[in-house]
Amino acid sequence: MLKKRSKKALSHVDWAIALAIFLLYLAWFFVIVKPHLSPSENVDTLMDILKEGVKDNIYQTVNKVEVYIPNAVTEEYESIIIDFTRNYTKIANTADQYVQDMGKMFFLANLSDTKKYSIYNGFESVKRKEAPSIVATQDYANNNFFQADFDEGLLQDIIYDGKLRLWDFTVEIDGTAINDAFDFTHLGMVAKWQRQDAVNHTTYIFAKNPRVYNYIASTDQKNHTVTITFTTYNYTYYYTDTEAQLTYRIRPKCRLLDSKSLDLYDGNTGLLIMTDTKGIMLCTNETAATVQLEADTNYQIFAHEGSHLENYPITPRQGTEEELTLISRKKVLGLKNKDYQYQKTRFGFPIKRDFNITITSEALSATLGTKQSETENIYAKRMKGYMLDPDYKEKAVNITLTTW
């Protein structure tokens, strides 16, 4: 007589058979199926490596400061001076023509074209225009119809349009003539004359325009009274806030003008004087006019055509510094000229795997890596960015990343 098996024993057998079938399936999946699949995790990892490599080796951080010139001046070669003490090492200025000296930046601006200029740190234009060079020595500066003569670092006279317009130029510090060491430096687009005493008196003249810029700084940390005096050509009018006629008499006559600027002119040419201290003394005698002024930090003398000049002094304004993350043309081209194995090393990409980077833009088109495979499964992603072209325009860039 057969004994009947217990239900408990049968359940143990069923469980064992099911477990064996499950284990056989897992073995079949990992041994046979998995090697033929491209695990998404591995592909994602490759793509992450490539994206990080692109960010580290193609992008760059650029600082940008905008300079806006609000005055309605339309000169083609307007001289602009701004305070600029930023620790920039690789500089580009959209004016293209600039010089840095003593914590200032000097550049020529075409204000008939634009009144906004940008200064970049970390970007150097490959198309920078050659700046005009001023004709100057320690004894003179010459710009077409303008000549300024110097004696031991101090202005002596100005000749403009063939006539002597300014002479008998003197600078006194606390009532005593400045008479210490002098120096001359040719900076290319700008020339500099210095005379140093209790104050440092520095004069700059640009190429392309008839203007004399003067700066004063104490050398002994004390306050000093700096007085400038000179005689001018026989002009017929002067302008402060309104026009008035100059009169020349046997008996000298002086008037104190409650102004920081004075423009002397005769309809054909003129001489604009500007200072940072209000109060200009204008004296006339039988043949000429004498000007006396004081300055704390700066004063300017501009020879010019026509009647009085307007919208001077120019007062440039600097905006807040921006930090931009841009694609570097220089870096892209540098990597493009390297072999594939070097590129792999730079991007930290696995030796046994492959990649392709295609960059398309109005500013630049380039391919890094190797040719895309036609037999392998590829994985692609797109990135977007911006690049400064040689004309300082921000151009959109498409980057296609491919791995396999």
* Asked: Conditions: (1) buried (at least 17 other Cβ atoms within 10 Å of the Cβ); (2) of a type in the set (Val, Ile, Thr); (3) within 19 Å of residue 270 (Cβ to Cβ). Residue 134 meets all but one. Number of the miss?
  -> (3)
* State yes or no: is residue 225 surrounded by fewer than 14 Cβ atoms within 10 Å (Cβ to Cβ) and either closer than 30 Å to residue 132 by Cβ or in contact (Cβ under 8 Å) with a residue 40 or more places away in the chain (or both)? => yes
* To do: Tell me which of these residue 122 doesn't satisfy, since it passes every other one: (1) under 30 Å from residue 327 (Cβ atoms); (2) more than 34 Å from the chain's Cα centre (by Cα).
  => (2)
* Structure fact -> Okay, strands (runs of 3 or more DSSP E) sitting entirely in segment 213-271 with 3 or more residues that are out of contact with any Cys (no Cβ under 9 Å at 6 or more places or on another chain) and aromatic (Phe, Trp, Tyr), I get 237-239
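For segment 186-204, how many residues meet the condition of being touching a residue at least 60 places away in the same chain (Cβ under 8 Å), in a strand (DSSP E or B) and over 15 Å from residue 295 (Cα atoms)?
Of all residues in segment 186-204, those touching a residue at least 60 places away in the same chain (Cβ under 8 Å) come to 187-190, 192, 202, 204.
Narrowing the set further to residues that are in a strand (DSSP E or B) leaves 190, 192, 202, 204.
Retained after the next criterion (residues that are over 15 Å from residue 295 (Cα atoms)): 190, 192, 204.
Counting residues in segment 186-204 that are touching a residue at least 60 places away in the same chain (Cβ under 8 Å), in a strand (DSSP E or B) and over 15 Å from residue 295 (Cα atoms) gives 3.
In segment 148-176, what count of residues is obtained for those that are surrounded by fewer than 19 Cβ atoms within 10 Å (Cβ to Cβ) and either over 18 Å from residue 201 (Cβ atoms) or in contact with a Gly (Cβ under 8 Å, 6 or more places away or on another chain) (or both)?
Qualifying residue count, segment 148-176: 5.
Every residue, every condition in (1) of a type in the set (A, V, I, L, M, F, W, C); (2) in contact with a strand residue (DSSP E or B) (Cβ under 8 Å, 6 or more places away or on another chain); (3) without any contact (Cβ under 8 Å) to a residue 60 or more places away in the chain, yes or no:
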| site | (1), (2), (3) |
| --- | --- |
| 249 | no, yes, yes |
| 253 | no, yes, yes |
| 259 | no, yes, yes |
| 270 | no, yes, yes |
| 277 | no, yes, yes |
| 283 | yes, yes, yes |
| 289 | yes, yes, yes |
| 292 | no, yes, no |
| 297 | no, yes, no |
* To do: Among the candidates 300, 292, single out the residue that is of a type in the set (S, T, N, Q), touching a Leu at 6+ places or on another chain (Cβ under 9 Å) and closer than 19 Å to residue 69 by Cα.
  => 300
* Asked: For segment 89-113, which residues satisfy the criterion of being exposed (fewer than 15 other Cβ atoms within 10 Å of the Cβ) and within 18 Å of residue 389 (Cα to Cα)?
  -> 90
* Any idea how many residues of segment 273-300 are outside any strand (DSSP E or B) and farther than 14 Å from residue 238 by Cβ? -> 9
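Each row is one residue, and each column tells you yes or no for (1) surrounded by 12 or more Cβ atoms within 10 Å (Cβ to Cβ); (2) at pLDDT below 90; (3) of a type in the set (Val, Ile, Thr).
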residue	(1), (2), (3)
13	no, yes, yes
27	no, yes, no
35	no, yes, no
64	yes, no, no
67	yes, no, yes
87	no, yes, no
* When residues of segment 359-404 are filtered for being under 38 Å from the mean Cα position of the chain (by Cα), polar (S, T, N, Q) and surrounded by fewer than 18 Cβ atoms within 10 Å (Cβ to Cβ), how many remain? -> 6
* Asked: What tally of residues in segment 248-283 results from selecting those that are surrounded by fewer than 21 Cβ atoms within 10 Å (Cβ to Cβ), in contact with a Lys or Arg (Cβ under 8 Å, 6 or more places away or on another chain) and among the polar types (S, T, N, Q)?
  -> 2
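The values are calculated or read from the model by the stated rules, or taken from the named source; none is laboratory data. Note that the coordinates shown come from a computational prediction; the quantities given were computed from them, not determined experimentally. So basically every Cβ, Gly included, is an ideal-geometry build from the backbone, and we count neighbours across all protein chains shown.
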